[in-house]
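Undergrad: Have a look at this one.
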Amino acid sequence: MCHRTEGANEFVLITVPNASVEAHIQHGDGQVGDPVPGRAGVLFGVDCSPITSCTAPPSTPGFLGWTTAGLPSGSVQLFWGAATGTVTSYVIEIGTTVGGTDVAVIDTGSAATAYTLTGLQTSVDFYHARVRAKNSCGVSGPSNEANPRVA
């Protein structure tokens with residue numbers, strides 16, 4: 001556990017019982033590899049010293065396209081150009097209106113540049129989809145908006 005020292009923005013490595021971890025996190029402490037509270041783009045290193053994981057959010061992802069070829073009904077595969085900078089995951093926004101997110105906002109949890117959506121309604125004429133790149137410093141602007149038609 002990386003424990004905040006009193007009155008300072010410095011941390012020391014301590015060992016605590018599992019039952020005490022949550023109380024320490026609520027106090028502003030953290031675990032090795034976690035973000036340092038209040039410091040965007042900074043993580044706790046192995047000795048609890050802060051390490052910069054990024055300096056800015058990633059760039060906007062490249063062109064967003066889609067296909068339904070070979071997929072079951074109600075599915076669509078989105079694919080896009082990789083963003084530059086450190087990318088920890090991509091966030092997909094799906095709506096039934098331009099710029100909408102009423103269907104879903106999905107953090108892919110991956111830096112892969114393709115994602116298959118399932119369970120979409122074939123009765124919807126077409127969807128509106130965008131993708132954003134994400135890291136511990138923030139989220140990029142949105143890609144172009146693709147308008148997949150689901151069969």
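Undergrad: Of the residues that make up the range 57-66, is at least one more than 20 Å from the chain's Cα centre (by Cα), modelled with pLDDT of 95 or more and under 24 Å from THR122 (Cα atoms)?
TA: Within the range 57-66, one or more residues are more than 20 Å from the chain's Cα centre (by Cα), modelled with pLDDT of 95 or more and under 24 Å from THR122 (Cα atoms).
Undergrad: Looking at GLY70 and the list (1) under 25 Å from the mean Cα position of the chain (by Cα); (2) modelled with pLDDT of 90 or more, which single condition is not satisfied?
TA: (1)
Undergrad: Report yes if ASP47 is among the acidic types (Asp, Glu), part of a loop (DSSP other than H, G, I, E, B) and under 30 Å from PHE11 (Cβ atoms), otherwise no.
TA: Yes; evaluated as a whole, the condition is true for this residue.
Undergrad: Report yes if some residue within the range 144-151 is at pLDDT 95 or above, acidic (Asp, Glu) and within 30 Å of PRO35 (Cβ to Cβ); otherwise report no.
TA: So far as the range 144-151 goes, no, none of its residues is at pLDDT 95 or above, acidic (Asp, Glu) and within 30 Å of PRO35 (Cβ to Cβ).
The values are calculated or read from the model by the stated rules, or taken from the named source; none is laboratory data. Remember, it's a predicted structure, so these values are computed and weren't measured experimentally. Positions of Cβ are backbone-derived with ideal geometry, glycine not excepted, and every protein chain shown enters the neighbour counts.
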